Amino acid sequence: MSKSEKWVFSLLFLSLVLIHPLAAAAAPGNEIALTVDDEQVSVDEILYLLALQSGAGEAAAPLLAAQMTPTEREAFLEQVSRAILFSKGAIIRGLHLDPGVSARIRWSRINTLAEAYVGSMASSLSFEEKTLRAHFEKNKQKYRQNESVRVRHVFTTEEENARTALLRILSGEVFAEVAASLSVDYATAETGGDMGWISRGSLPESFEEAVFSAPLQSVLGPVQTKYGYHVFEVLERRRARALSFEEVRDAVRAELVEHVMATEAASLKARFPVLLVPSALEKSFAR
């Protein structure tokens, strides 16, 4: 049987397993498939590892295992046993005490447990449409699109360079090419100087005043800010407006999810006190 035929067979067999009322009775138990010294690995664990390696998901793992030849199964068990042997060898050599290794072990455990905990909250994090709409109606004033513009610029720290950029563009050179060669805002220089959509209130005052009062598709400048000089062009403009529920449904859901998560975290904080020390980071970064 070819690989493609095997996958088709897997999908067909999976559909039969899911609909057959006796399918659950055939599920593998917790028999021991592998022993290395004091470590025992069950069939369920092997299926979990097979799902991880294949990326096919836990539901498909039994089907993949069923399609493996005896040689392939033995090879997979050998692969798992080797991982266990190497982990034991690492402990003998004291590698688990290495700060980097210890940190990875610790945070793997923490993240796994955290993910499991959030998974146990699934019912609390699922919201019906009417709940989302009710939250939207109650907080409509929050869901607005501010006045915004899509602007591109050439940014330099020297006024002379900014004037050179303006003259080159007004003389017919392509804005994007001038931005690529002269702008020291390297993040936008790579995209022709395009800053994307900018909402009112997010730019330095003098630059914002110039941008939001400028006519469309006119190259202007230089405008000085405390950072340097801008030659710019406003490409598009959006007026401030109220957003519809359809436009912000995902944002409403995210807000409700965050509320549940924050409430749960606050409840756990009552049991497990938290002390934040931002100054420790400042000292570390200052080194």
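Bear in mind that the values in this text are calculations on the coordinates, not laboratory data. Only a predicted model underlies this, so the values are computations on that prediction, with no experimental measurement involved. Every residue, glycine among them, receives a Cβ derived from its backbone with ideal geometry; neighbour counts consider all protein chains shown.
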Query raised in the report: Out of residues 5 or more away from residue 225 or on other chains, whose amide H comes under 5 Å of its own, with H placed 1.01 Å from N in the peptide plane?
Result: 230
**Report entry** Positive-end residue of 169, 151, 182, charge dipole of the stretch 109-191 with Cβ unit charges
**Finding:** 151
Report summary line: Sorted by chain and then number, the residues having a modelled amide H within less than 5 Å of the amide H of residue 42, at least 5 places away or on another chain, are 33
Query raised in the report: How long are the three semi-axes of the equivalent ellipsoid of the chain, in whole Å, if each is the root of 5 times an eigenvalue of the C-alpha gyration tensor, listed from largest down?
Result: 55, 28, 26
Query - Distance between the stretch 258-272 and the stretch 201-216 - C-alpha centres, whole angstrom - result: 41 Å
Query - Neighbour-count ranking [beta-carbon atoms within 10 angstrom, fewest first] of 34, 85 - result: 85, 34
Query raised in the report: In degrees from 0 to 90, rounded to the nearest 10, what is the angle of the helix 159-170 Cα long axis to the longest principal axis of the chain?
Result: 90 degrees
**Report entry** Relative contact order %, the chain, counting alpha carbon pairs below 8 Å whose residues are six or more apart
**Finding:** 15 percent
Report summary line: Taking Cα atoms only, helix 43-54 is inclined relative to the longest principal axis of the chain by an angle, in degrees rounded to 10, of 30 degrees
Query raised in the report: Dipole magnitude of the chain about its Cα centre, charges +1 at Lys/Arg Cβ and -1 at Asp/Glu Cβ only, in debye to the nearest 20?
Result: 740 debye
Report summary line: Least to most buried among 46, 84, 92, by other C-beta atoms within 10 Å and fewest first, runs 92, 84, 46
Report summary line: Assertion target for 197, 107, ordered by fewest C-beta neighbours within 10 angstrom first, is 107, 197
